[in-house]
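Student: Provided herewith is a single structure, encoded as structure tokens, for subsequent inquiry.
Only the coordinates and a few stated rules stand behind these numbers; no lab work does. Note that the coordinates shown come from a computational prediction; the quantities given were computed from them, not determined experimentally. Cβ: placed from backbone, ideal geometry, glycine included. Neighbour counts: every protein chain shown.
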Amino acid sequence: ESPSKKKILENVTGARETVKRISQIVTGMKTIARDGTHDPYAKINLSTVIENTLQLCEERFRYHGVTLDLEKLDKNIEVEAQEVSIGQVFLNLLNNAFDSIQTQENKWIKISSHFFKNKIEIKIIDSGAGIKPADREKIFRPFFTTKETGKGTGLGLSISKGILESHGGDLIYDFRQSNTTFVVSLPRPKSCVLSNLNT
């Protein structure tokens, strides 16, 4: 049977949206996968970096029933940074969060932004119950991992912390929270620090 014009338009629209999404994912993968350690520092929109990184994870999250919540994520967060390196930090934290909760019944990951006078904090929170006290002092050491053998190199958190420290920021584990919470901090651009906005 010949399909109706309406059905043809629906199928074409769906195909175009799928191709667009695949294109965005491939672009994100090409960006994240390359070495950005020698890139110049530039003013970047941090929420855009996070959203682009999420495009690499969203399908896997959805397939495994992980709910994603961009809680209080300001759309106008700007920092001086190497975009590729910062994207790699968020990708690592999101992958770690996914790995730690994928066997849980209630699975969710939240991302929120918080402004302070001299810095910006991005929190990556997942539904896990946190890291054991005995492991907290070790998680940022190279080659230490809480994952099963063969599922982690133990370098992700160490490298991510090093990247953020090279930007004048930091990566910490917030043990005070009931759920697993990692906090990315980056200095605010001088133009923002001098203003009274978002202080």
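Student: Pick out, in residue order, every one of the trypsin sites (Lys or Arg not before Pro) in segment 72-117 that is DSSP loop and has at most 13 other C-beta atoms within 10 Å; say none if there are none.
Tutor: Loop-located and lightly packed - LYS72, LYS75, LYS117.
Student: Ok, one more. What residues qualify as long-range amide H neighbours of GLU78, i.e. H under 5 Å apart, gap of 5 or more or another chain, H built at 1.01 Å from N?
Tutor: LEU46
Student: If you don't mind, there's one more thing I want to ask. Would you please give the residues with an amide H less than 5 Å from that of LYS119, counting only those at least 5 places away or on a separate chain, with H modeled from the backbone geometry?
Tutor: ARG188
Student: Could you calculate, for segment 69-148, the ratio of the Cα radius of gyration to the Kirkwood radius, expressed as Rg to Rh?
Tutor: On the Cα set of segment 69-148, Rg over Rh gives 0.99.
Student: Could you give the length gained by full extension between VAL19 and HIS114, i.e. 0.36 nm per residue of separation minus their alpha carbon distance, to one decimal place?
Tutor: Values: separation 95, 0.36 × 95 = 34.20 nm, distance 3.46 nm.
Extra length available between VAL19 and HIS114 comes to 30.7 nm.
Student: When N counts the residues of segment 53-187, how does its alpha-carbon radius of gyration compare numerically with 2.2 N^0.38 Å, as a ratio?
Tutor: 1.01
Student: Please go through the residue pairs LYS43/LYS75; LYS43/LYS138; LYS110/LYS161 and name each one whose alpha carbons sit more than 24 Å apart in this structure.
Tutor: LYS43/LYS138
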